[in-house]
Structure formats: structure tokens, C-alpha cells
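Working notes, structure below.
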Amino acid sequence: METVVLAVNPTDPEPDVIARAAAVLRAGGLVAFPTETVYGLGANALDADAVRRIFAAKDRPANNPLIVHVPDAAAARAVTAAWPESAERLAERFWPGPLTLVLPRRSEVPDAVTAGGATVAVRVPAHPVARALLGAAGVPVAAPSANRSTQLSPTQAEHVVAGLGGRIEMVLDGGPCPGGLESTVLDLASSPPRILRPGLVTSAEIEKLIGPVMRPMGPLTEKAPMPSPGMMLRHYAPRAVLECVADGRQRVDELQRQGVRVGWLTFGAAAGMDVVQMSRDPAEYAARLYAVLHELDAAGVERIVVDLPPDEEEWLAVRDRLRRASAHPR
Ligand code: TXA
Ligand code: MG
């Protein structure tokens, strides 16, 4: 299949471009599009055959459910069977934006979307292209990140084409995604609510609105093992082996003495090839992380050393992704 790549204005999307993409979705095809977090791979969420094509294109295991993207809270209520006060408060405060809510599903949502489970994940994206596409398609859009399963999420259209070119109908190229990390996933169907995936909306912000939530992460120490067997799965991973260390300089020197080509994400000044100076601001760091890892992979480094970010709430999502990227074996 030939994948059509269409450039689209990220702040003021051209209606004719959006109309073409919406027509592909309505016909059961797959369209990758930018969101404020990462690029998503969309299909009509109410069309089970279209949804199954997402799993095939990504080589995604059928037991991993998809997020349903909708234009507003009313549309979210149309696919969920319960809408607690907590959902209403969170939706008012954080939608549109990078927060996904897991709630009891309605039967109209195909099993292919929910992996046969009793819940459905819903999110209202903030990116103008995503919003325009949802409006024009007129259907809820199931969309995982637009990468092959277990690989890094794409934050640029080029990443999508590299991973899924030839496997999907269309890519809307709206430039780099501003957020850079996947949405926070909050399970409101369990009691107390539980963070399933940390993201740019923090637990502290959520707790201010709805009270205590369960948090998933233990500390990320040097070469720490994953906290639970279920999270051992290598995920969000570059091709090169990645490790987080307190003293990056020492580890980089050690690997280089062994003749290994090393990439280094450091908070210090960047000097030398494959060395990238990262921001001390967590949002800026997040926005750039995947693009940097994609670049180092493309450059052919064998190992990636990462200076350990601070053990602080606002770094939780970054530390979670680094942990998953460094989980071995692959
Ligand atoms: O930022 C994002 O969330 C991006 C953009 C495209 O919206 N999407 C994304 O989708 O990251 P994906 O499929 O790569 O990650 C969705 C996560 C997975 O960890 C999945 O297991 C979880 O959400 N999830 C989806 N539905 C669920 C459900 N019903 N119950 C529990 N977890 C669910
Ligand atoms: Mg993903």
C-alpha cells in the first residue's frame, strides 16, 4: 500500500486536507495524525474491522486496549456506561488535553477496542489537527501511538513514516508534537482511582480535584529493576540499549574505552559527537526526549547513557519512560 503524506498547518488546519483524512477514516482506513502528546494512528472506533487493522499495522498484541479519542466530554459519555463526579471535574479542568480516563464501557464499543474488557479509555485531544479531524470524521477515533509495538512513540511525521510507511493509508504531517510524551492514563473504574501511566498531567494535580489516587512508580535508581512483573515489558524503547546513571561521564568513558559507540543525554554542557544537552525543565525535556532517542538510533549508536533526572513529582513521566526504555531483556 502507498502511504499518502499530507502536510497540514498545525495551528490552522486546511479544511480540504482534513476532509480527505476524515473520508479515509469513514471508509475504514488508517490515518496517523498529530496530537499534543505524540502522533496517533487513528481508525473509526465503532468499526471493528478498521480497529483490527490498527493492531495488524503495529504488530500490537490484541490484549492491549486502545484509547478512544472524542471531541468533547459529551461524546465521551456516549461511549461510557458511567460518568462519575470525578470524571466530570477532571474533564472540566483538563480537557481538551493529555489526560485519558478509563471508565465502564458501553456495548457499542467493539471488543477489538477494549481488548474484550469491561472498560474503555477516553481522551479529548487538544491539538488543532486532532480536533479538526474528529470534527470532520463525526465518529469516535481509536488511536494508539503511531509506532510499531514496543518501539518509541513518534513525535514527528518522519518517525511515523519510518515505522509504518506502506502499512497505513495516510499521515497528516503537522510538524513536531508539543508535549512529546503520551497522556496520563487514570483508571476511574477502580477504587481508589489508579494512575496506570504517568504523564504530563501529574498525580498531584489530579489529587487536588478528586482526592487520593494510587500511584504506580517506585524510585528510579541506577539500573533499578522494574517495580512489578507486569511493567517489566520493554516498551517505549530505542533500538540501542539505554541505561540511566548518576554519573554519566564516567559510564560514557568506560564504554568508549571498550570501543562502544555511545550516545549521552546529559544535563551538562554537550561536547563531542552523540552528546546531547537536555533541558533542566521537565516539560522541555519531555518534548525533546523521543526525538533525541530517534536521532541517536538513526545515527547508529550502540548504547545510550542518560543522566538520571531528579527524583521529583514533575519528572515522574520522564523517569517512567526512561525506566521502560531501559528494561531488559528486549
Ligand atoms: O497520548 C496518548 O495517549 C497517545 C495519543 C495518540 O493519544 N496514545 C497512546 O496510546 O499513547 P497507546 O495505545 O500507545 O497507549 C494507551 C495506553 C496503553 O498502555 C493501554 O494499555 C492503556 O492506555 N489502555 C487503553 N485502554 C485501556 C483500558 N480500557 N484499561 C486500561 N488501560 C487501557
Ligand atoms: Mg504506544
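The values are calculated or read from the model by the stated rules, or taken from the named source; none is laboratory data. From a predicted model like this one, the values you see are computed outputs, not experimental measurements. Cβ atoms come from the backbone with ideal geometry, glycine included; neighbour counts cover every protein chain shown.
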Original post:
Taking Pro193, is it buried (at least 18 other Cβ atoms within 10 Å of the Cβ), within 14 Å of ligand 1 (Cβ to nearest atom), modelled with pLDDT of 95 or more and within 25 Å of Pro10 (Cβ to Cβ)?
Top reply: no
**OP:** Please state which one of Arg123, Arg131 is away from ligand 1 (no atom under 11 Å from the Cβ) and basic (Lys, Arg).
**Re:** Arg131
**OP:** Please verify whether region 198-221 includes one or more residues that are charged (D, E, K, R), buried (at least 18 other Cβ atoms within 10 Å of the Cβ) and at pLDDT 95 or above.
**Re:** no
**OP:** Report whether or not Pro96 is under 24 Å from Pro212 (Cα atoms) and more than 16 Å from ligand 2 (Cβ to nearest atom).
**Re:** yes
Subject >> Search result, residues across region 12-49 that are surrounded by 17 or more Cβ atoms within 10 Å (Cβ to Cβ) and assigned to a loop (DSSP other than H, G, I, E, B) >> reply: Pro13, Gly29, Leu30, Thr35, Glu36, Thr37, Val38, Ala45, Leu46, Asp47
Subject >> Condition broken by Glu182, with the remaining ones in (1) within 9 Å of ligand 1 (Cβ to nearest atom); (2) in a helix (DSSP H, G or I) satisfied >> reply: (2)
Original post:
Got at least one residue in region 161-174 being buried (at least 22 other Cβ atoms within 10 Å of the Cβ), of a type in the set (Gly, Ala, Ser) and touching a residue at least 12 places away in the same chain (Cβ under 8 Å)?
Top reply: yes
Subject >> Residue among Val185, Val141, Val171 that is among the hydrophobic types (A, V, I, L, M, F, W, C), within 16 Å of ligand 2 (Cβ to nearest atom) and closer than 26 Å to Ala27 by Cα >> reply: Val141
Subject >> Whichever residue in region 50-64 is loosely packed, with under 15 Cβ neighbours inside 10 Å and hydrophobic (A, V, I, L, M, F, W, C) and, among such residues, is nearest to Gln151 (Cα to Cα) >> reply: Ala56
